[in-house]
Structure formats: C-alpha cells, structure tokens
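Asker: Pasting in a structure now, in structure tokens, and then I'll have a few things to ask.
A short reminder: the numbers here are calculations on the coordinates, not readings from a lab. All of these numbers come straight from a predicted model, not from anything done at the bench. Every residue, glycine as well, gets a Cβ built from its backbone with ideal geometry; the counts of neighbours run over all protein chains shown.
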Amino acid sequence: MECRGSELRDKEIINISDGSRIGYVGDVIMDLEEGKVSALVVPGRLRLFGLLGREPDTLFPWTAVRRFGADTILVEGTQVRQRERRERA
C-alpha cells in the first residue's frame with residue numbers, strides 16, 4: 001500500500017493500548033538530514049470554541065506507529081508526548 005503525505009491528514013489515529021480515538025493527523029515532522037518521518041502530530045482541541053486557544057498538540061513518534069490502514073493509523077500510546085503550539089509570525 002502506498003500513501004502520500006497529504007493523504008495522512010485524512011487518517012484517524014487510534015490508540016491500541018486502550019482503543020481510544022485520538023484525532024486526525026494534522027502534520028508530519030520530518031528529519032530532513034536523515035530523510036525520515038520522525039513524528040505524527042495531532043492538533044490540540046479548541047478551548048471555548050477557539051477563543052481561549054488550543055490545548056497542546058499530541059506527538060506520536062514514528063516508533064509508536066504500529067499499523068497503517070485505509071482510514072486509520074494504529075499507535076501505541078505509551079510513547080505519546082505533548083508539545084505547545086508555536087506562534088506564527
């Protein structure tokens with residue numbers, strides 16, 4: 001199965017540890033020196049309809065990814081980390 005980077009945005013991430021639905025891929029972090037994907041990013045949820053910003057993004061390191069499906073990506077949630085959103089200029 002082949003998949004383009006833009007098609008990842010349509011895939012939902014599911015945690016196989018507890019079966020929870022995390023959200024949809026919003027971005028991919030690439031290591032350009034090694035030419036590898038290093039993490040998948042799920043944007044944080046909106047706070048009060050976006051008026052109070054967003055919760056921190058959730059990052060899934062590439063090592064946490066277990067399987068790709070047609071509509072979903074299965075990850076192991078024990079390796080999840082959070083990051084604050086960067087302000088854009």
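Asker: Eigenvalues of the Cα gyration tensor times 5, then square-rooted: what semi-axes does that give for segment 1-73, in whole angstrom, largest first? It would help to have the intermediate numbers written out before the result.
Answerer: Numbers: eigenvalues 97, 50, 28 Å².
Gyration-tensor ellipsoid for segment 1-73: 22, 16, 12 Å.
Asker: Mind checking segment 4-44 for GluC sites (Glu not before Pro) that DSSP puts in a loop (not H, G, I, E or B) and that have at most 14 other Cβ atoms within 10 Å?
Answerer: In loop regions of segment 4-44 (DSSP not H, G, I, E or B), the sparsely surrounded GluC sites (Glu not before Pro) are Glu33, Glu34.
Asker: Any number yet on Rg/Rh for segment 31-74, C-alpha, Kirkwood?
Answerer: Values: Rg = 14.0 Å, Rh = 12.5 Å.
So for segment 31-74, dividing Rg by the Kirkwood Rh gives 1.12.
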